[in-house]
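Reviewing the structure listed below.
What follows draws every value from the coordinates through simple rules; no lab data is involved. Because the structure is a prediction, the values reported are computed rather than measured. Backbone-built Cβ (ideal geometry, glycine too); neighbour counts: all protein chains shown.
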Amino acid sequence: MAEAILIVDDEEIIRESLSFILKKEGFVVQDAENGKVALEYVKDRSFDLVITDIEMPEMKGIELLEHITQVSPETLVVIITAYGSIDTAIAALRKGAVDYVLKPIEFDELLMKTRRLLAERRLRMENKLLRSELHRQYDFNNIIGRSPAMQGVFETIKKVAQTDGTILITGKSGTGKELVARAIHYNSKRKEKPFIPVNCGAIVENLFESELFGHKKGAFTGASMDRVGFFKSADGGTIFLDEVSEIPLHLQVKLLRAIEMKQITPVGTSHEIPVDVRIIASTNRNLEKFVQEGKYREDLFYRLNVIGIELPALSERTDDIPLLIQHFVSKYANEMSKDVRGVDHEAMKALLAHNWKGEVRELENIVERAVIFAEGNLITKKELPALFGQPSGTYSFGGNKPLKEAVAEFEREYIGHMLRVHPNKDELAKALNISLSSLYRKIEELNIPSQS
């Protein structure tokens, strides 16, 4: 859609000339002979840019500028002034004008400034819209739960969001720890600054310090250029240290120092760089037990656990399962443009009876899959994986079979199901309590699709 520009000047020849040139460029142009008329136009409709003379009868350009900043703060204002009135133009810039042009007007210069200013405005408006959508997406209202267990969590995170206190979020894998961390950030005073998630368990040990704190070119083999690091990238915002239990013991002291001193030292330098970040950490492990076993520094644990938030498992909030199911049905039906409105009674019974070892993440993945396969308005048991056709804790092998064949069939079905819950093979191996090599061997032997 073409941008709208208002030309304000008491000289008709200037209004007509500017209107002609800007219309040729594809802009929608309106003109006004003085500030008083222009202000009525601004009150009546939206303009992206106003180009106004300073010296006019009825209402001067400076006064018009002041009114526009109140009536339509998103509208840009460019001042036209004579060479001898530069001081007035500078005063206009201080009052909110974005630029000025001198008389006699150089039309090429004005066009260049107009294109630049409107391009910058478009970018700002797009960023504002994206931030607004992001804030809506991670609003507390989008963390689903009416159960007493979740209401307690909501009360805590609403209280701590506006503070800078360090937070440790605990709970089983899949309970939504990152969603809570993002909700805290996007409802805090840091919401306009970066939210940087860091999966501590995915960082190679010998690169951990570099990833977190950055490095200088040549600091080690392979350091071909300077690297900023996650802490500096999050400056002014929030850094989310996911699975903080996986930080190697000998590097924990460096993280502790960064938190306490609010300074980092990139690898290969001796210079400390100040950083202003809020720390939110998470873990699905028992860090207190790790401390007792000497696997985790006690001082770091207490520094991270200033505010503790424990997320309940689905087994502790079964009343929330129908709400979560409906939320995910609506989400994926909308994304896929499908007219799927809910889950029928039998499918809901099967979902409620399931033992959700993968927590909310597993539930979301199952609902997404069901929406993909849904043929009608309601999801039925037919759209659920085979395991949901059986009572909890049992499985039908479809007749008399040798034990080895029955076990293989169960393993194929179960590993395929778990692969949908944990697409990451490392996570899946941990969930199944087998080695990664054993998992790959099982997938190959049982001919399980890698994206089951």
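If I fit a long axis through the Cα atoms of helix 321-336 and take the longest principal axis of the Cα atoms of the chain, what angle between them do I get, 0 to 90°, rounded to 10?
Between helix and principal axis, roughly 50 degrees.
Once you wrap a convex hull around the alpha carbon atoms of segment 144-312, what is its projected area averaged over all directions, in nm²? All intermediate terms of the calculation are to be shown ahead of the outcome.
Numbers: hull surface 39.8 nm².
Quarter of the Cα hull surface area: 9.9 nm².
Fewest first, what order do Leu324, Leu123, Leu311 take by the number of other Cβ atoms within 10 Å? Walk me through the numbers on the way to the answer.
Details: Leu324 20, Leu123 10, Leu311 25.
With the fewest neighbours first, Leu324, Leu123, Leu311 line up as Leu123, Leu324, Leu311.
Take every Cα-Cα distance within segment 211-307, group them into 10 Å bins from 0 onward, and report for each bin the whole-number percent of pairs it holds.
15, 45, 30, 9, 0
On average, how much area does the Cα convex hull of segment 316-445 cover when viewed from any direction, in nm²? Could the numbers behind the result be given before it?
Numbers: hull surface 35.6 nm².
For segment 316-445, the mean projected area of the Cα convex hull comes to 8.9 nm².
Once P(r) over Cα pairs in 20 Å bins from 0, in percent is worked out from the coordinates, which option in [x] 23, 56, 21, 0; [y] 19, 36, 31, 13, 1, 0; [z] 20, 41, 24, 11, 3, 0 does it equal?
[y]
Would you mind calculating the relative contact order of the chain from Cα pairs under 8 angstrom and at least 6 residues apart, reporting the percent as a whole number?
Values: 678 pairs, mean separation 47.6, N = 452.
Relative contact order, the chain: 11 percent.
Under 5 Å between amide hydrogens, which residues at least 5 positions from Val101 or on another chain qualify, with H placed 1.01 Å from N in the peptide plane?
Amide H to amide H, under 5 Å and 5 or more residues apart or across chains, Val101 pairs with Ile79, Ile80, Thr81.
From the helices alone, meaning DSSP H stretches of at least four residues, give me the mean residue ellipticity at 222 nm for the chain, per-run term -39500 (n - 2.57), in deg cm²/dmol to the nearest 500. Walk me through the numbers before you get to the answer.
Numbers: 18 runs with 210 residues, N = 452.
Dividing the helical sum by the residues of the chain leaves -14500 deg cm²/dmol.
Based on other C-beta atoms within 10 Å, arrange His250, His327, His215 from fewest to most.
His250, His327, His215
Please report the base-10 log of the normalised intensity I(q)/I(0) for segment 4-133, using a Debye sum with one equal scatterer per alpha carbon and no solvent, at each q in 0.12 (1/Å).
So the normalised log intensities are -0.41.
Only sites in a loop by DSSP and with at most 12 other Cβ atoms within 10 Å count here; which trypsin sites (Lys or Arg not before Pro) in segment 1-65 make the cut?
Working: sites: Arg15, Lys23, Lys24, Lys36, Lys43, Arg45, Lys60; in loops: Arg45, Lys60.
Qualifying residues, ordered by number: Arg45.
Tilt of helix 35-44 relative to the longest C-alpha principal axis of the chain, in degrees (0 to 90, nearest 10)?
Between the helix axis and the principal axis of the chain, the angle is about 30 degrees.
Evaluate the relative contact order of segment 248-321 (contact order divided by residue number), counting alpha-carbon pairs under 8 angstrom at least 6 apart; express in whole percent. Numbers along the way, then the final one.
Details: 43 pairs, mean separation 20.7, N = 74.
Value for segment 248-321: 28 percent.
Can you tell me the relative contact order of segment 211-355? Whole percent, Cα pairs under 8 Å, sequence separation 6 or more. Don't jump to the answer; show the numbers that get you there.
Numbers: 158 pairs, mean separation 28.2, N = 145.
RCO, segment 211-355: 19 percent.
Mind giving me the FRET efficiency for Glu272 and Glu335? R0 is 35 Å, r the Cβ-Cβ distance, nearest 0.05 is fine.
Details: r = 46 Å, r/R0 = 1.31.
It comes to 0.15.
For His354, His185, His271, His67, what's the fewest-to-most ordering of other Cβ within 10 Å of each Cβ?
His271, His67, His354, His185
In nanometres, what is the gap between the two model label sites at Asn433 and Asp226, each 7 Å from Cα along Cα-to-Cβ?
In this crude spin-label approximation the distance works out to 5.0 nm.
Tilt of helix 436-445 relative to the longest C-alpha principal axis of the chain, in degrees (0 to 90, nearest 10)?
Tilt of helix 436-445: around 80 degrees.
Can you compute 3J(HN,Hα) from phi for each residue in segment 251-265, using the Karplus curve 6.51 cos²θ - 1.76 cosθ + 1.60 with θ = phi - 60°, rounded to whole Hz and x for Gly and Pro?
My calculation for segment 251-265 gives 9, 5, 5, 6, 5, 4, 5, 4, 5, 6, 8, 6, 9, 10, 10 Hz in order.
Which is farthest toward the positive dipole end of the chain among Thr380, Ser19, Val277, measuring Cα position about the Cα centre, with Cβ charges +1 (Lys, Arg) and -1 (Asp, Glu)?
Thr380
Can you tell me the length gained on complete extension of the stretch Thr318 to Tyr41, counting 0.36 nm per residue apart and subtracting the Cα distance?
Details: separation 277, 0.36 × 277 = 99.72 nm, distance 5.74 nm.
Going from the current span to full extension adds 94.0 nm.
Give me the net charge for the shell around Glu55: Cβ to Cβ below 12 angstrom, other residues only, Lys and Arg +1, Asp and Glu -1. Let's see the in-between values first.
Numbers: positive: Lys60, Lys103; negative: Asp9, Asp10, Glu11, Asp53, Glu58, Glu63.
Every neighbour counted, the sum reads -4.
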